1. Hey, can you tell me all the residues within the stretch 183-209 that are near the ligand (Cβ under 10 Å from one of its atoms) and either modelled with pLDDT under 95 or among the small types (Gly, Ala, Ser) (or both)?
2. Which condition number in (1) within 16 Å of the ligand (Cβ to nearest atom); (2) buried (at least 17 other Cβ atoms within 10 Å of the Cβ) is the one that Ala180 fails?
3. Inspect all residues belonging to the stretch 7-22 and state whether any of them is within 16 Å of the ligand (Cβ to nearest atom) and over 27 Å from Met200 (Cβ atoms).
4. Taking the stated definitions as given, is Leu218 out of contact with any helix residue (DSSP H, G or I) (no Cβ under 7 Å at 6 or more places or on another chain), within 26 Å of Ser314 (Cα to Cα), away from the ligand (no atom under 16 Å from the Cβ) and not acidic (Asp, Glu)?
5. Give me a count of the residues in the stretch 130-161 that are part of a loop (DSSP other than H, G, I, E, B), out of contact with any strand residue (DSSP E or B) (no Cβ under 6 Å at 6 or more places or on another chain) and either over 30 Å from Trp344 (Cα atoms) or among the aromatic types (Phe, Trp, Tyr) (or both).
6. Suppose we filter Tyr64, Tyr44 for residues that are modelled with pLDDT of 95 or more, more than 19 Å from Tyr227 (Cβ to Cβ), in contact with a helix residue (DSSP H, G or I) (Cβ under 9 Å, 6 or more places away or on another chain) and among the hydroxyl-bearing types (Ser, Thr, Tyr); which single one remains?
7. If we keep just the residues of the stretch 99-129 that are within 16 Å of the ligand (Cβ to nearest atom) and assigned to a loop (DSSP other than H, G, I, E, B), which is farthest from Ser88 (Cα to Cα)?
8. Being among the small types (Gly, Ala, Ser), within 20 Å of the chain's Cα centre (by Cα), farther than 18 Å from Ser177 by Cβ and surrounded by 24 or more Cβ atoms within 10 Å (Cβ to Cβ): is that true of Gly106 here?
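The values are calculated or read from the model by the stated rules, or taken from the named source; none is laboratory data. The model shown is predicted, which means the values in this text are computed figures rather than measured ones. Cβ coordinates were reconstructed from backbone atoms using ideal geometry, including for glycine residues, and neighbour counts include every protein chain displayed.
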Amino acid sequence: MIPLVKPYFPPREELMPALEEILYSGYVATGQPVFDFEDKFKAYIGNDNIISLHSGTDALHLAYILAGVKPGDEIISTPMTAEPTNTSIAMIGAKVVWGDVDPTNGLLDPKSVRSLITEKTKAIVLVHYAGMVCDMDEIYKISKEFDIPVVEDCAHAMGAKYNGKMVGNYSDYTIYSLQAIKHMTTVDGGFLAMKNGNQMERAKRLRWFGLSKDKSRLDNDITEVGYKYAMNNVNATIGLCQMKHIDEVVGTYISNGKYYDEALKNVPGVELVRYNNNTECSYWLYTMKVERRDDFCRMMEENGILASQLHHRSDTHSIFKESKRDLPGMEDWYSHFVHIPCGWWVSKEDREKIVEVIKKGW
Ligand SMILES: *Cc1c(COP(=O)(O)O)cnc(C)c1O
């Protein structure tokens, strides 16, 4: 069966000696490998204001704190995502306000965002779902007009671009996840990127109980409670090995995605997604809309190919029942979208077979 997701790890000969060395080095907590990994990732994204964390969820939690969101405030978000985008809003005690999605791609619809802004809105969080980049031209207009910070959830969008530069360069806060099935994994891990450097020191204290690494433990005074969110040397060592392969790995997702964009044009029963202007998708999953989705997924499985929705909409969870509202764009999108395998493990032969199978119909 060709799976929808699969963790990539560098060759054993490369990874194992590095892991063995760090495990027996006497220093597995946060140290030099973590700072080296941060430097490599900063260079990859092209932004110096980035800190590593233990998970993408930690990064979301810190982003909302740094954005100044308080209990009772509102954050406009999307239901078309994995759970942490929104459970981390609940962690702050803020209220999720569901924006609707564009039914042609499942991405947060700026028109809906604009209509939902109140004096309580303290942040807009958007998700580049499956690697497709949101309509940032419009989102930034709204952010500027109402002076509301944008949190970009790039957990699915490593390597995606806006205006020719990596995502992670433009928004007030951008988060990445290095969880098992993302484009790049360190088993678990995350990054928080900020547009301005002026919150770097506070962000670093928040990731380590509220302590500053610049002073000795004896000279430290905690003035704001922080968390245990730092990355460790073991995860960072995996990350340093991953960085040597990131262009090739992410490049394979993208070339497979572009192949499908061409090969699946005008196939009966398939509706391709609409990509936003000035954006470049990084195809964490290949996403499209199909007619009779259950039949489609069954037919694919009979041919040894996994196809599914992978994510459950976030707005139906009991913890969010007070936020419930009608989302017609979401209803349309959610009843038709599907993912097919697209990642680094999908060979040229695999992708040709996948297209052939779809073209035969279901
Ligand atoms: C994976 C993921 C996260 C956070 O992931 P962690 O598992 O905490 O690293 C956040 N948002 C989305 C959309 C995700 O898929």
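1. Gly189, Gly190, listed by residue number.
2. (2)
3. Yes, there is a match, as at least one residue in the stretch 7-22 is within 16 Å of the ligand (Cβ to nearest atom) and over 27 Å from Met200 (Cβ atoms).
4. Taking the combined requirement at face value, the residue does not satisfy it.
5. Total meeting the criteria: 1.
6. Tyr44 is the lone residue from the list that is modelled with pLDDT of 95 or more, more than 19 Å from Tyr227 (Cβ to Cβ), in contact with a helix residue (DSSP H, G or I) (Cβ under 9 Å, 6 or more places away or on another chain) and among the hydroxyl-bearing types (Ser, Thr, Tyr).
7. The selected residue is Asn105.
8. Here the answer is yes, as Gly106 does meet what is asked.
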